[in-house]
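Trainee: Right, I'll just put the structure down here and ask away after.
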Amino acid sequence: MESFIIEGGHALSGTITPQGAKNEALQVICAALLTRDAVRIKNVPDILDVNNLIKLLQDIGVKVTRHTRNDYTFQADQLNLDYLQSDDFVHKCASLRGSILMIGPLLGRFGKAAVAQPGGDKIGRRRLDTHFLGFQALGAEFVYVEERNVYEIVARQLRGCYMLLDEASVTGTANIIMSAVLAEGTTTIYNAACEPYIQQLCHLLNRMGASISGIASNLLTIVGVKSLHGAHHRILPDMIEVGSFIGMAAVVGNGIRIKNVSLRDLGNIPSTFRQLGIQLLIEGDDIVIPHQDHYQIESFIDGSIMTLADAPWPGVTPDLISVLLVVATQARGSVLFHQKMFESRLFFVDKLIDMGAQIILCDPHRAVVIGHDRKLTLRSRRMTSPDIRAGIALLIAALSADGTSQIDNIAQIDRGYEDIEARLNQLGAHIRRISN
């Protein structure tokens with residue numbers, strides 16, 4: 001197990017470029033399973049979750065060519081579907097949530113799939129009902145094999161239909177789209193997730209020969225086609241990493257430029273940080289965050305306390321609540337965070353409280369932050385990262401703390417952030433990686 005040793009109190013300055021989007025990468029890489037032809041994908045982030053998915057695809061026979069560190073070609077022309085029944089496959093799926101995205105394309109192209117209960121972040125219940133209800137509506141049958149913790153899904157012929165999703169699940173929508181593009185007839189998905197990652201997946205599939213309309217809305221229409229062909233695709237910058245860097249710049253920055261952020265795809269991320277008083281300057285497709293001695297949390301028009309709550313796109317993404325919460329600890333004013341979508345994601349705040357932050361954890365979903373206005377410096381601590389986003393939030397807190405902190409279980413951070421310590425050290429951070 002590896003850890004970070006962080007020497008706090010060093011201001012960060014300079015320029016940083018976000019990696020490719022993790023969540024998009026997991027979707028579009030799995031889309032390569034839908035064709036025998038080669039699919040080339042650029043700006044692939046070199047992170048643990050993506051690399052583990054690529055290895056899993058290689059295990060079932062996908063030919064992977066790595067042109068450069070972030071540029072790959074995938075060709076699924078000779079797959080070993082028997083491997084899906086092996087204990088080795090089950091074990092690997094259990095540690096990788098992205099494995100769930102293999103079901104849709106395998107079901108759509110081959111009429112069968114088997115995927116273990118996926119692993120990932122320990123942030124509470126993340127149900128799979130939306131995926132399976134969608135597959136079922138298209139004509140698939142599934143069974144849960146309890147002794148192996150495996151879902152087996154089969155369909156002689158998927159047929160398009162109208163469906164109203166029970167929730168706007170991003171991975172659920174992606175999976176249903178990938179299963180429907182080769183189905184017979186027309187599929188209409190209402191209450192579909194419409195995140196930029198879903199939009200990117202749809203654009204790639206259309207370049208591969210699919211027929212998807214309604215992209216960027218919550219009503220998608222998919223006319224099934226007989227087969228798909230190869231295509232090229234470039235992954236967007238990771239909006240969560242952009243938000244993480246904005247948070248770092250606010251708390252410990254002395255002037256930071258975030259380059260090539262794809263501003264049009266950030267939704268309300270910039271405006272949410274502005275609600276916490278953070279000054280953001282837009283220069284072309286870059287965001288510049290100048291140093292601020294103080295930043296004031298806004299109030300609502302009637303003077304009531306600011307409340308920030310996560311919601312499906314284009315609402316505040318739940319992946320940034322942890323970062324926003326740390327930013328608020330150094331602001332002037334108070335704010336209520338309402339994490340609606342996951343019941344355990346706020347439990348990391350006890351570590352911030354130990355560092356001296358003034359936070360009231362009301363329940364598993366709500367926390368009130370009373371900002372220090374930089375009058376109180378957080379104390380260094382030894383901590384453990386429970387998930388990707390809490391991990392980066394704790395790293396931001398440690399960078400601002402007085403003294404040297406240690407964050408254990410940084411494999412969680414590596415799952416979502418490429419070379420994070422090297423990139424931050426170039427901005428002036430003092431972070432060392434050690435093996436325990």
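Trainee: I'd like to verify a number: residues in segment 295-306 that are part of a loop (DSSP other than H, G, I, E, B) and either farther than 21 Å from LEU336 by Cβ or of a type in the set (S, T, N, Q) (or both), how many?
Mentor: Going through segment 295-306, the residues part of a loop (DSSP other than H, G, I, E, B) turn out to be 295, 297-305.
From what's left, either farther than 21 Å from LEU336 by Cβ or of a type in the set (S, T, N, Q) (or both): 299, 304.
Matching residues across segment 295-306 total 2.
This table checks each residue for (1) at pLDDT 95 or above; (2) buried (at least 22 other Cβ atoms within 10 Å of the Cβ); (3) closer than 29 Å to LYS22 by Cα; (4) among the polar types (S, T, N, Q).
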{"residue": "ILE370", "(1), (2), (3), (4)": "yes, no, no, no"}
{"residue": "LEU376", "(1), (2), (3), (4)": "no, no, no, no"}
{"residue": "ALA393", "(1), (2), (3), (4)": "yes, yes, yes, no"}
{"residue": "ILE396", "(1), (2), (3), (4)": "yes, yes, yes, no"}
{"residue": "GLY416", "(1), (2), (3), (4)": "no, yes, yes, no"}
{"residue": "GLU421", "(1), (2), (3), (4)": "yes, no, yes, no"}
{"residue": "ASN425", "(1), (2), (3), (4)": "yes, no, yes, yes"}
{"residue": "ARG433", "(1), (2), (3), (4)": "yes, no, yes, no"}
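Trainee: Still on this structure, please answer the following. When you look at HIS203, is it outside any helix (DSSP H, G or I), open to solvent by 60 Å² or more (accessible area, probe 1.4 Å), at pLDDT 95 or above and under 22 Å from ALA25 (Cα atoms), yes or no? I'd like the intermediate steps shown before the answer.
Mentor: Values: outside any helix (DSSP H, G or I): no; open to solvent by 60 Å² or more (accessible area, probe 1.4 Å): yes; at pLDDT 95 or above: yes; under 22 Å from ALA25 (Cα atoms): yes.
Considered against the rule, which asks whether it is outside any helix (DSSP H, G or I), open to solvent by 60 Å² or more (accessible area, probe 1.4 Å), at pLDDT 95 or above and under 22 Å from ALA25 (Cα atoms), HIS203 comes out as no.
Trainee: Would you mind finding the one in GLY391, GLY371 that is within 26 Å of the chain's Cα centre (by Cα) and not aromatic (Phe, Trp, Tyr)?
Mentor: After ruling out the rest, the residue left standing is GLY391.
Trainee: Here is a further query. Just one of GLY9, GLY14 is in a loop (DSSP other than H, G, I, E, B), in contact with a strand residue (DSSP E or B) (Cβ under 7 Å, 6 or more places away or on another chain), outside the structural domain of GLY224 (by the TED database) and under 30 Å from ARG381 (Cα atoms); which is it?
Mentor: Being in a loop (DSSP other than H, G, I, E, B), in contact with a strand residue (DSSP E or B) (Cβ under 7 Å, 6 or more places away or on another chain), outside the structural domain of GLY224 (by the TED database) and under 30 Å from ARG381 (Cα atoms) holds for just one of GLY9, GLY14, which is GLY9.
Trainee: So, one more: Here is a check on your reading of the model: is SER217 of a type in the set (Ser, Thr, Tyr), in a loop (DSSP other than H, G, I, E, B), touching a Cys at 6+ places or on another chain (Cβ under 9 Å) and surrounded by fewer than 17 Cβ atoms within 10 Å (Cβ to Cβ)?
Mentor: yes
Trainee: Follow-up. Report the residue count in segment 336-345 for those that are free of Cβ contacts under 8 Å to residues at least 60 places away in the same chain and either within 22 Å of MET248 (Cβ to Cβ) or not in a loop (DSSP other than H, G, I, E, B) (or both). Give the steps one after another, and end with the answer.
Mentor: Going through segment 336-345, the residues free of Cβ contacts under 8 Å to residues at least 60 places away in the same chain turn out to be 336-341.
If we keep only those that are either within 22 Å of MET248 (Cβ to Cβ) or not in a loop (DSSP other than H, G, I, E, B) (or both) too, we end up with 336-339.
Looking only at that region, the number is 4.
For (1) out of contact with any His (no Cβ under 7 Å at 6 or more places or on another chain); (2) open to solvent by 20 Å² or more (accessible area, probe 1.4 Å); (3) in the same structural domain as LEU308 (by the TED database), each residue gets a yes or a no:
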{"site": "SER244", "(1), (2), (3)": "yes, no, yes"}
{"site": "GLY253", "(1), (2), (3)": "no, no, yes"}
{"site": "LEU263", "(1), (2), (3)": "yes, yes, yes"}
{"site": "ARG274", "(1), (2), (3)": "yes, yes, yes"}
{"site": "LEU281", "(1), (2), (3)": "yes, yes, yes"}
{"site": "ASP285", "(1), (2), (3)": "yes, yes, yes"}
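The values are calculated or read from the model by the stated rules, or taken from the named source; none is laboratory data. Note that the structure is a prediction, hence the values are computed from the model and not measured. We place every Cβ from the backbone using ideal geometry, glycine too, and count neighbours over all the protein chains shown. Surface accessibility is based on the protein's heavy atoms, side chains included, excluding ligands, DNA and RNA. Shrake-Rupley method; radii C 1.70, N 1.55, O 1.52, S 1.80 Å.
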